[in-house]
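The values are calculated or read from the model by the stated rules, or taken from the named source; none is laboratory data. Source: prediction; values computed, not measured. Cβ placement follows ideal geometry from the backbone for every residue including glycine, while neighbour counts extend to all protein chains displayed. With ligands, DNA and RNA removed, areas are computed over all heavy atoms of the protein, side chains included. Shrake-Rupley method; radii C 1.70, N 1.55, O 1.52, S 1.80 Å.
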Protein chains: 2
Amino acid sequence: MTCSINYAPQLRAQGLRMTPQRNAILHVLHHSGGHLSPTQVYKQARKEYPRLTEPTVYRTLEDLAEKKFLLAAHVGNGKIVYELAAKQHHHLICHKCGGTVQVEHAPLELLYRQLESSTGYKLDSGHVTFFGLCSDCQS
Amino acid sequence: MTCSINYAPQLRAQGLRMTPQRNAILHVLHHSGGHLSPTQVYKQARKEYPRLTEPTVYRTLEDLAEKKFLLAAHVGNGKIVYELAAKQHHHLICHKCGGTVQVEHAPLELLYRQLESSTGYKLDSGHVTFFGLCSDCQS
DNA sequence: ATCCTTATTGCAACTTTTTACAATAGCACA
DNA sequence: TGTGCTATTGTAAAAAGTTGCAATAAGGAT
């Protein structure tokens, strides 16, 4: 806990409590600045707060994602990774080399509107992942 | 094995062998006509071929999906379900009631082209799932 | 500062998924 | 029909993820 970021007020504003477990989890996600799997989060956050357990990690990640503090991205074979919610974006993954490109949400807006009018669904920030071959792997 | 569908030649054309295990798995997917989780496939296919084991199911589903005999859809919290590959489509899922709507691929084509030109990736049949609230759950 | 409500956690047991490796059995070919 | 190559499988064990419930503790109210 050397950094001074305090998520407590934001959490409380959403009816969530700040606990040392959540602090450790958020701290890890903040400093790794990328996507982490629940297991990765568990292993790292455990160093900061050894009493942390797996169920807590899984539940916390789900809860924080539901309240939009985290984004859950579905990567590869049904794997899920989390990252701190910044601006909304999606992922484009090369299934040969695993390379990842971030895709802005803007180009998806039109599609969202179309789907909403044709299905009656109201689409929200759900994460979308595209798969393909990156330019290097197309040879 | 009362039905007479024979996938063997198609499998062999892809360098895959036909085994009783794969037969049972394909058979189950064929007759359930929907999305099944690996566990569901395992439990049902086991009735047809009791020697079947979990690792075989997971590997087979992955292999068959890679060769496009199956489609893998990423549903909900990183869960994965499989279905026989028919025409390409995507899913729109209500995260309140779980209701699912199929989305044709056509409306996504334009987006695919845009993303390809802006990222250099060549997109393929990767499965995409959207999340939102269905009309009933919007109240 | 203390109490009270209830969100959150840990525990323990369980289910699901993955991995490594040796044994098996498709199937192409002679 | 038999032989050989190797894809595929089972086994065993580990890793990852889930569930129910009782105990704990966050933080608003007194």
Taking residue B:67 and the conditions (1) more than 14 Å from chain A (Cβ to nearest Cβ); (2) of a type in the set (Lys, Arg); (3) under 28 Å from residue B:102 (Cβ atoms), which numbered condition does it fall short on, given that it satisfies the others?
(1)
Only unsatisfied item for residue B:104, checking (1) open to solvent by 80 Å² or more (accessible area, probe 1.4 Å); (2) more than 14 Å from chain A (Cβ to nearest Cβ), is (2)
Go through segment B:45-63 and give me each residue that's among the aromatic types (Phe, Trp, Tyr) and under 16 Å from the mean Cα position of the chain (by Cα).
B:58
With the structure loaded, tell me whether residue A:74 is open to solvent by 50 Å² or more (accessible area, probe 1.4 Å) and in contact with a strand residue (DSSP E or B) (Cβ under 8 Å, 6 or more places away or on another chain) or whether it fails that test.
no
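Condition check ((1) away from DNA strand C (no atom under 15 Å from the Cβ); (2) at pLDDT below 90) across all residues:
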position: B:1; (1), (2): no, yes
position: B:4; (1), (2): yes, yes
position: B:10; (1), (2): no, yes
position: B:25; (1), (2): no, no
position: B:57; (1), (2): no, no
position: B:88; (1), (2): yes, yes
Of the residues in segment B:43-79, those that are within 10 Å of DNA strand D (Cβ to nearest atom) and in contact with an Asp or Glu (Cβ under 9 Å, 6 or more places away or on another chain) come to B:77
Would you point out which residue out of B:17, B:59, B:51 is assigned to a helix (DSSP H, G or I) and without any contact (Cβ under 8 Å) to a residue 60 or more places away in the chain?
B:59
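Here's the yes/no breakdown for (1) within 8 Å of DNA strand C (Cβ to nearest atom); (2) out of contact with any strand residue (DSSP E or B) (no Cβ under 6 Å at 6 or more places or on another chain); (3) open to solvent by 70 Å² or more (accessible area, probe 1.4 Å):
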site	(1), (2), (3)
B:14	no, yes, yes
B:21	no, yes, no
B:31	no, yes, yes
B:40	no, yes, yes
B:46	no, yes, yes
B:50	no, yes, yes
B:62	yes, yes, yes
Just wondering, is there one or more residues in segment A:13-36 that are closer than 30 Å to residue B:72 by Cβ, near DNA strand D (Cβ under 9 Å from one of its atoms) and within 14 Å of another protein chain (Cβ to nearest Cβ)?
no
